[in-house]
Structures are given as structure tokens and as C-alpha cells.
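Read through the structure below, which is laid out as C-alpha cells, and then see the notes.
All of the numbers you see were taken from the coordinates with simple rules; none came from a lab. Keep in mind that this is a model prediction, so the values were computed, not measured. Heads up, the Cβs are rebuilt from the backbone with ideal geometry, glycines too, and the neighbour counts pull from every protein chain shown.
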Amino acid sequence: MTSHLQGVSKGLVAKRILSTMQERGDLLDFVLCVGDDRSDEDMFEVIMTAARGMSLQPEAEVFACTVGRKPSKAKYYLDDPADIVRLVQGLANVSDDDQTHAPPLAAATAAATVPR
């Protein structure tokens, strides 16, 4: 069971975070958004819209991933929760290796995600 405040959704929260950061002049250059059910779809829509707008840096890497193969507004999917762990571990490894000119972060996420 999921409970939430009436009128508050993950999409609204994502929009508020992006708006606040934009007002401060702190535009994100990387967004990873992962969810597994209907309540995540509004969040995916906000993130993908932000990728096409001015809420993020122009070169921002944006990955909206749903868990499981199903219709979704997310651009990518992960087969199961274990893939989320592998994805985050891969991102951490690339981040750790960044000091030695590792390949772009997109390479790590591409290895763990599958386009829809």
C-alpha cells in the first residue's frame, strides 16, 4: 500500500525540485529517475519534459527508467530490482574512476539500461 498527501504526486515533487534549482541557477547535468509503478509515470513525464526544456543544463544526461517491461513514459527499462543495484554500482565505479579520465557517465548507464 502506498499513501500520499492529497494533491501531491512524484511528478509535482520533481517539478518543484527542478523549479527551485533553476531559480537558484543550479541546473542539473545528470538525472537518474527510476520507478516501478503507475505513481512514477508523472515523475517520468516531468523529467523527460525538463530534458527538452531549460530546467537542465543543455548537455544534461537524463535517464528515466521503469522496472519491468511495460508501457511507460520512461525512455529506458530495467528488467528487475537487481538491475537497479548494478546500475548504481556502475555509476559509482565510473564516478570513482572519473579522476583518471574514465568514459562518460552515459557509457555506464547504457550498459545497464535498455531503451524502450
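Starting from the 7 Å offset along Cα-to-Cβ, what nm value, one decimal, do you get for the label separation of Glu45 and Ala60?
Placing both labels 7 Å along Cα→Cβ, they lie 1.8 nm apart.
Hey, with R₀ at 25 Å, roughly what FRET efficiency would Asp37 and Asp96 work out to, going by the Cβ-Cβ distance, to 0.05?
Values: r = 32 Å, r/R0 = 1.27.
According to the calculation, E is roughly 0.20.
Name the long-range amide H neighbours of Val34: under 5 Å, sequence gap of 5 or more, or other chain; modelled H, no Pro or chain starts.
Placed amide hydrogens put Cys65 under 5 Å from Val34.
Grab the beta carbon distance between Gln89 and Glu23, set R0 = 41 Å, and tell me the FRET efficiency rounded to 0.05.
Details: r = 34 Å, r/R0 = 0.82.
Calculated transfer efficiency: 0.75.
Run down the aspartates and glutamates and flag those whose C-alpha is under 20 Å from the C-alpha of Lys70, throwing out any fewer than 8 positions away in its chain.
Output for Lys70: Asp36, Asp37, Asp40, Glu41, Asp42, Glu45, Asp79, Asp80, Asp83.
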